[in-house]
Amino acid sequence: MADGNITKDRMYGAVAPDDFESMLQLDRYGQRSDAFDKIIAATHDHFWDPLDPKYIDFDEPFDIETEAMMPEERTPLLRLPYVAETLKDPKERVRFINEGQLRNFSSILHGEQGALNLSASLCHVLYDQGAQEYAANQTREEARHVTAFAKYIKARWGRPVECGAVLKALLIEIVGSAEVYKKIVGMQMVLEGLAMGAFANGFKYNQDPLARKLFQLVMTDEAFHHKFGKIWADRTVPHMTEAERNIVEDWAAHCTQSLLFDRGSPEQNEALYAGFGLDPERVVADIVKRRAERDPTQRFKGETNVFRVLIKTLFNAGLITARTRSFYAAYVDLDELAAEGLRMPGDDIAEEGIRYLQGINFKDRAERGAAQLVAAE
Ligand SMILES: [Fe+2]
Ligand SMILES: [Fe+2]
């Protein structure tokens, strides 16, 4: 199809978002792709329900007043001289860390809402029923993520905070775009790449066992969403013309840059600083100064660094060429990434989570099966 979607494989063929009529063509029904059936079928193994305490219990307590959710060494803001000398009281430091986490979890919640609407919008444009079923299934999984993060925020803080302006603009752009490549690169590759890194970090360092459980359960789903993006890239990128690849490569860089701005804009947290009697301008000035002093190639070290996972995804997909290499090289060592191979740092956590869920789900099914047999007697 020679359209803005840059379709290279029939299973990703697409129509305009308002072209439902095309879905009614008779030949289409007999041509369902089975490329996603494994991912769709796996959904039963890693099923979980945020409303069922058998999987996760949001009543599990955590003393947010006295316990920091993240270790102090994971909160570099506290090491800024001005912040360190203003926030001396250990209780205030705990409150500062946990307020920062409220912002972090709120961004995740808004991102999950974006993922829900994005995958629902994929159902309207993807032409193949197998691809549609995949997208519908992802929509359902994103819906439970929205429910779960909303419940977590309610349990710990009562209410989320507003979506940051940069993230909001990116989500609106991706959800509203008509082209399939924009949706899949923007969500399944870039945003979910960032999410896999962020959730792996949360799983590793968050001190609240409920938060760690939540991250792991969500990752059992996200690993598959990320895989969908990878399958698309494998079947599309190598067949693109240079001009097409340039378009997609630029879009990926645009989405990544938005997220870098979102995470990297200290101005977005001015309300947080002000709430602790800090002069936001002084905090921002300190952050800018510290960044300028830091070795730029050392910025995103660490396997689970959120941007490192995202950039690795694009790199493995062939969406970083000489054209954009220097943009990404400012953040990570691309040669080091190239030497690492395909495995992602979140994969182990997701696999362990799936085994946990299989334990619950298979036991359930065995019991239900036995009950059905009794009923049939
Ligand atoms: Fe999600
Ligand atoms: Fe997802």
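Being surrounded by 14 or more Cβ atoms within 10 Å (Cβ to Cβ) and outside any helix (DSSP H, G or I) is the filter here; which residues of the range 35-48 pass it? Passing the criteria: Ala35, Phe36, Thr43, His46, Phe47, Trp48.
Where residues in the range 77-100 are closer than 22 Å to Val306 by Cα and without any contact (Cβ under 8 Å) to a residue 60 or more places away in the chain, which of them is farthest from ligand 1 (Cβ to nearest atom)?
Residue satisfying both the conditions and the ranking: Arg79.
Every condition in (1) farther than 25 Å from Phe105 by Cβ; (2) within 16 Å of ligand 2 (Cβ to nearest atom); (3) of a type in the set (A, V, I, L, M); (4) touching a Leu at 6+ places or on another chain (Cβ under 7 Å) holds for Ile184 except the one numbered (4).
Only helices (runs of 4 or more DSSP H) wholly contained in the range 189-268 count here; list those with 3 or more residues that are within 15 Å of ligand 2 (Cβ to nearest atom) and either more than 21 Å from Asp348 (Cβ to Cβ) or of a type in the set (Gly, Ala, Ser) (or both). Hits in the range 189-268: 192-205, 209-236.
Listed residues Thr147, Thr66; which is within 16 Å of ligand 1 (Cβ to nearest atom), touching a residue at least 24 places away in the same chain (Cβ under 8 Å) and farther than 18 Å from Asn269 by Cα?
Thr147
Only one entry in Ala271, Ala253 is crowded, with 18+ Cβ neighbours inside 10 Å and small (Gly, Ala, Ser), namely Ala253. Residues that are of a type outside the set (D, E, K, R) and farther than 17 Å from Ala84 by Cα were ranked within the range 270-298; the one that is modelled with the highest pLDDT is Ala271.
The values are calculated or read from the model by the stated rules, or taken from the named source; none is laboratory data. Given the structure is predicted, the values throughout are model-derived calculations rather than measurements. Here Cβ is always computed from backbone atoms with ideal geometry, including for glycine, and neighbour counts include all displayed protein chains.
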